[in-house]
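One structure is given here, and the rest of the page talks about it.
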Amino acid sequence: MTQSRVWFITGASRGLGRAFTEAALAVGDRVVAAARDVGPLDGLAGKHPGDLVPLALDVADRQAVFDGVERAAAAFGRLDIVVNNAGGMLYGMVEEATEEQIRAHMDVNFFGAVWVAQAVLPHLRANGGGRLLQITSMGTGGGMATVGFYGAGKAALDSVSEALAMEVERFGIKVTVVQMGGYNTGLFTTGTTATEPLPRYRPLRTEMEAMWGDAVAPEPDTAAPVIMELAALPDPPRRVIVGSQSFDHVLEMHRARTDLYRSWEHLSRMAPG
């Protein structure tokens, strides 16, 4: 009989984290589900006694993360798959955001993910390997008005995850940057901190809201099969885009950037180096 795997998932009480937790439990795996508020996990824990351990955790608190990971590893004796999913949205123009808002946002979306990675690596290494799935965004290839800080945090996580993948692969630890498309996760509602709007940006804000539109995003559980497949692959990719439409959008963004570089190639080549 194949031994069940042990997952550690952050931001597990809602949205994508909740969907990933349910998918792992559905195949007989065990999960330590971390979230600031684990109350929404009570019903799920009741359905999976012994297989789901809710863990109250604020990933912005480095010491709490290290202590929490020790408890997570002790719950089932090991960790096999870590999903760095916890995050939030800071919505507004760059000029509008306060220092407190910016720092709080980066503490969760970037530093929180780094603390989790640092804390789990010794456990994965001791097991002879494991998986670390870094949940970022399809939008990390370029900034966009009103969501600049969200993109910045995810882009920073993208970059450090690429470096981390090179550093830990010799220990049998596989790191994958998972660039998520748009899903109905509540990120723009319960997961959002909004800036105080400045009147000068009202026209642009109206344009951006029209561009976002009111189309219904896919449900998070439609993305879960990708995560399950990544966890099962013996040699997973270092980067993957999740979402058919998102895949096309990312390719288009890359083509547009390449065209921009080419149009100013003469300026680039004026300098050596």
query = Residues of the stretch 47-79 being among the β-branched types (V, I, T) and farther than 16 Å from W115 by Cβ, which ones?
reply = V53
query = Of all the residues that make up the stretch 198-225, how many are open to solvent by less than 70 Å² (accessible area, probe 1.4 Å) and either over 23 Å from the mean Cα position of the chain (by Cα) or touching a residue at least 40 places away in the same chain (Cβ under 8 Å) (or both)?
reply = 9
query = When the residues of the stretch 226-248 are filtered to those that are open to solvent by 50 Å² or more (accessible area, probe 1.4 Å) and small (G, A, S), which remaining residue is nearest to R170 (Cα to Cα)?
reply = A232
request  = Looking at (1) under 22 Å from F247 (Cβ atoms); (2) in a helix (DSSP H, G or I); (3) open to solvent by less than 40 Å² (accessible area, probe 1.4 Å), find the lone condition where L124 falls short.
outcome  = (1)
query = Do we have any residue at all in the stretch 41-48 that's at positive phi and out of contact with any Leu (no Cβ under 6 Å at 6 or more places or on another chain)?
reply = no
Flag if F149 is in contact (Cβ under 8 Å) with a residue 12 or more places away in the chain, part of a helix (DSSP H, G or I) and under 26 Å from V31 (Cβ atoms) = no
query = Based on what the data block shows, is A33 closer than 23 Å to A231 by Cα and in a helix (DSSP H, G or I)?
reply = no
inquiry  = Need pairs with beta-carbon distance below 6 Å; first residue over 17 Å from V175 (Cα atoms) and within the stretch 108-121, second assigned to a helix (DSSP H, G or I); sequence gap 6+ or separate chains.
reply    = N109/G153
Filtered residue count, the stretch 1-40, keeping only those that are open to solvent by 60 Å² or more (accessible area, probe 1.4 Å) and either closer than 19 Å to G182 by Cα or out of contact with any helix residue (DSSP H, G or I) (no Cβ under 8 Å at 6 or more places or on another chain) (or both) = 7
request  = Within the stretch 102-118, track down each residue that is open to solvent by less than 40 Å² (accessible area, probe 1.4 Å) and either farther than 21 Å from A145 by Cβ or touching a strand residue (DSSP E or B) at 6+ places or on another chain (Cβ under 8 Å) (or both).
outcome  = H105, V108, G112, A113, V114, V116, A117
ask   = Inside the stretch 133-143, can you point out the residues that are over 11 Å from the mean Cα position of the chain (by Cα) and touching a residue at least 40 places away in the same chain (Cβ under 8 Å)?
value = G141, G142
request  = Scan the stretch 243-268 and report the pairs whose first residue is within 16 Å of T136 (Cα to Cα) and whose second residue is among the β-branched types (V, I, T) and surrounded by 10 or more Cβ atoms within 10 Å (Cβ to Cβ), with Cβ atoms within less than 7 Å and a gap of 6+ or a chain change.
outcome  = F247/I241; V250/I241
inquiry  = Please verify whether L90 is out of contact with any Lys or Arg (no Cβ under 9 Å at 6 or more places or on another chain), under 27 Å from P203 (Cβ atoms) and crowded, with 23+ Cβ neighbours inside 10 Å, treating the condition exactly as stated.
reply    = yes
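The values are calculated or read from the model by the stated rules, or taken from the named source; none is laboratory data. On a predicted model such as this, the values are computed, not experimentally measured, just so you know. Neighbour counts are summed over all protein chains in view; Cβ atoms, including those assigned to glycine, are modelled from backbone coordinates with ideal geometry. When the accessible area is computed, the model is the full protein with side chains, heavy atoms only, and any ligands, DNA or RNA have been set aside. Shrake-Rupley method; radii C 1.70, N 1.55, O 1.52, S 1.80 Å.
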